[in-house]
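The values are calculated or read from the model by the stated rules, or taken from the named source; none is laboratory data. In this text, all values refer to a predicted model and were calculated from it rather than measured experimentally. When we count neighbours, we look across all protein chains shown, and the Cβ atoms used for this are built from the backbone with ideal geometry, even at glycine.
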Amino acid sequence: MDRRFLFVLGSARTGGNTELLARRAAEQLPEGVGQRWIDLTEQPLPDFEDLRHDSDHVRPPSDTPAGLLLDATLAATDIVIASPVYWYSLSAQTKRYLDYWSGWLRTPGLDFKAAMAGRTLWGVAALADEELSVADPYAGTLRNSAAYMGMRFGGVLLGSGSKPGDVLSDTAALARAKTFFAQDAPLARFPDDTAGAA
């Protein structure tokens, strides 16, 4: 199967450090690998409404932000969450995108979980702290989401940067970016290898 990457940009700042790092990593993808970039500030999702105990979710029309993101997600073999680390985790708009996965799991006829199984989830993030371990909750959110969905998890590419363009001075992050998408992504597992819940 030909690889098709979906880059979901979850920053409140266009062209910020996270996007710069993601684009550096994407430059290394082989020619012919599809890339689609969607900025969540340009495709704002309404607040997610949990209907699981009230009624079924309905597949959103393709001309809405939710429908566009659903179609793009299903079309991708690799989904890259490019969100800065905000308060040790994902940005609000990125978390909302993942909340929508819960609705898609419960949309009749979609079989979203089976469709996502075997695909690969990646993370790219810039953070203001030079101590990268503060991003552990961020990485855990993505790893556990991938594990629940039966996806592979390629890990998280982290870079340090606060002011615009700072991440371009993080030579270690730029070096990791050169090979980040070339690695073999294993099937995601929960830390204690037990079943989780969405």
**Report entry** The one condition in (1) within 15 Å of the chain's Cα centre (by Cα); (2) of a type outside the set (D, E, K, R); (3) surrounded by 15 or more Cβ atoms within 10 Å (Cβ to Cβ) that Ala75 fails to fulfil
**Finding:** (3)
Requested in this report: With a cut-off of at least 1 residues that are more than 18 Å from Tyr148 (Cα to Cα) and out of contact with any His (no Cβ under 9 Å at 6 or more places or on another chain), name the helices (runs of 4 or more DSSP H) lying wholly within the stretch 15-131.
Outcome: 17-26, 65-75, 92-105
Query raised in the report: Are there any pairs with C-beta distances below 9 angstrom linking a residue in the stretch 146-170 that is β-branched (Val, Ile, Thr) to a residue that is assigned to a strand (DSSP E or B) and crowded, with 21+ Cβ neighbours inside 10 Å, with the two at least 6 apart or on different chains, and if so which?
Result: Val156/Ile81; Val156/Trp122; Val156/Gly123; Val156/Val124; Val156/Ala125; Val167/Ala126; Val167/Gly159
Requested in this report: Take Arg59 and decide whether it is free of Cβ contacts under 8 Å to residues at least 60 places away in the same chain and under 19 Å from Leu105 (Cβ atoms).
Outcome: yes
Query raised in the report: Does Gly150 count as under 12 Å from Thr18 (Cβ atoms) and surrounded by 13 or more Cβ atoms within 10 Å (Cβ to Cβ)?
Result: no
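For (1) in contact with an Asp or Glu (Cβ under 6 Å, 6 or more places away or on another chain); (2) among the acidic types (Asp, Glu); (3) at pLDDT below 95; (4) more than 25 Å from Arg23 (Cβ to Cβ), each residue gets a yes or a no:
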position	(1), (2), (3), (4)
His57	no, no, yes, yes
Ser62	yes, no, yes, yes
Ile79	no, no, no, no
Trp87	no, no, yes, no
Thr94	no, no, no, no
Tyr100	no, no, yes, no
Gly109	no, no, yes, yes
Ala125	no, no, no, no
Glu130	no, yes, yes, no
Report summary line: Among the residues of the stretch 1-14, the number that are among the charged types (D, E, K, R) and outside any loop (DSSP other than H, G, I, E, B) is 1
Query - Odd one out for Leu21 among (1) at pLDDT below 95; (2) within 20 Å of Val167 (Cα to Cα) - result: (1)
Report task. Scan the stretch 78-97 for residues that are surrounded by fewer than 19 Cβ atoms within 10 Å (Cβ to Cβ) and among the aliphatic types (A, V, I, L, M) and report the count. Result -> 1
Query raised in the report: Do any residues in the stretch 105-126 that are under 14 Å from Thr77 (Cα atoms) have Cβ atoms under 7 Å from those of residues that are at pLDDT below 95, where the two are at least six apart or on different chains, and which pairs are they?
Result: Phe112/Trp104; Phe112/Leu105; Lys113/Leu105
Report task. Could you tell me which of the residues Thr171, Thr179, Thr141 is surrounded by 17 or more Cβ atoms within 10 Å (Cβ to Cβ), modelled with pLDDT of 95 or more and polar (S, T, N, Q)? Result -> Thr141
